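First comes the structure, then the notes that go with it.
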Amino acid sequence: MLTTLGFIDWNVDPVFFHIGDLAIRYYSLFFAIAFWLGYVITAKMFQDQKLPDNLVDKVFLYIIVATVIGSRLGHCLFYAWDYYSQHPLEILQVWKGGLASHGGTLGIIIALLIFCKKYKKNFLWLVDCVAVPIALAAFFIRMGNLMNSEIIGLPTDVPWAFRFLRLHPDDALIPRHPTQIYEALFYLAVFGLLMFLYWKKKLIVRHGALFGIFMVCVFGFRILIEGLKENQEAFENDMILNMGQILSIPYVIIGIASLAYAFLSKPDMTIYANPSQQK
């Protein structure tokens, strides 16, 4: 990476290292780090509430499977259905790339609904807990996109613009908004806010509050930041709102509804006093 007058040349190899013929990409590495840190953070939160040690293992098994399946199906259905409807077996080829955060989020929500029904847990309490590390995971995912030189911004003349030299030659020399960094930094700030609200303000006693803040902040910002991005698919060019913006609107509404419920309901003071009864 070289800094030049008026822009930054970005030419990072997306492959971190090789194991024989196997290429380990930064994106995959960051994805794994996100899951590991998410596990650690959630385990600390469960310990804080004096919950069984094995509960986090069960929760994360659901989350990992749901993230991969949901993200993949989200990409195939929302962004490339014309292709995958003709090549359905390729939907299973996750290693070729193509994941969508909206699908991953929906997958996690559905999986946790199933988990809560099976293990008789409070759904809003659980999504409050996992929303905290998922915000951090969003940071790592966007940093992985940066290393892949993907999800690029529109052309700009701001002094911190990036030229993504690994793009097609027609696009490589165009200075662009580094929207991956914009999103990554915002999601990191949301993670910091949620950690503060959990550990310092004990907002976990208001079921749905942390989840609602996550949904409104992350997907509200997504609606805004999409205006600085290149559309991911050609069919979006004729749309008033692109697919990322359209898909974000229901999540913001869900977040607002969750916040309203959280602050119109009585706080659950049994979480720390006797968590086994509540959960």
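Here are the numbers:
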{"read-out": "Single residue of the stretch 118-128 satisfying the filter (of a type in the set (D, E, K, R) and part of a helix (DSSP H, G or I)) that is most open to solvent (accessible area, probe 1.4 Å)", "value": "Lys118"}
{"read-out": "Residue, surrounded by the fewest Cβ atoms within 10 Å (Cβ to Cβ), within the stretch 139-155, restricted to residues that are touching a residue at least 60 places away in the same chain (Cβ under 8 Å) and assigned to a loop (DSSP other than H, G, I, E, B)", "value": "Leu154"}
{"read-out": "Criterion violated by Ser28 - all others in (1) under 21 Å from the mean Cα position of the chain (by Cα); (2) farther than 25 Å from Glu230 by Cβ satisfied", "value": "(2)"}
{"read-out": "Any hit, the stretch 16-33, residues being open to solvent by 30 Å² or more (accessible area, probe 1.4 Å), at pLDDT below 90 and touching a His at 6+ places or on another chain (Cβ under 8 Å)", "value": "no"}
{"read-out": "Leading residue by the ranking (farthest from Asp268 (Cα to Cα)) among those in the stretch 94-147 that are among the aliphatic types (A, V, I, L, M) and at pLDDT below 95", "value": "Val94"}
{"read-out": "Some residue of the stretch 175-187 being touching a Pro at 6+ places or on another chain (Cβ under 7 Å) and over 30 Å from Gln47 (Cβ atoms)", "value": "yes"}
{"read-out": "Criterion: open to solvent by 50 Å² or more (accessible area, probe 1.4 Å) and assigned to a helix (DSSP H, G or I) - qualifying residue of Phe211, Phe219, Phe186", "value": "Phe186"}
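The values are calculated or read from the model by the stated rules, or taken from the named source; none is laboratory data. Nothing here was measured: the structure is a model prediction, and the numbers come from that model. Here the Cβ is made from the backbone with ideal geometry for all residues, glycine too, and neighbour counts use every protein chain on show. Ligands, DNA and RNA are stripped out before the accessible areas are found, and what is left, the full protein with its side chains, is counted by its heavy atoms. Shrake-Rupley method; radii C 1.70, N 1.55, O 1.52, S 1.80 Å.
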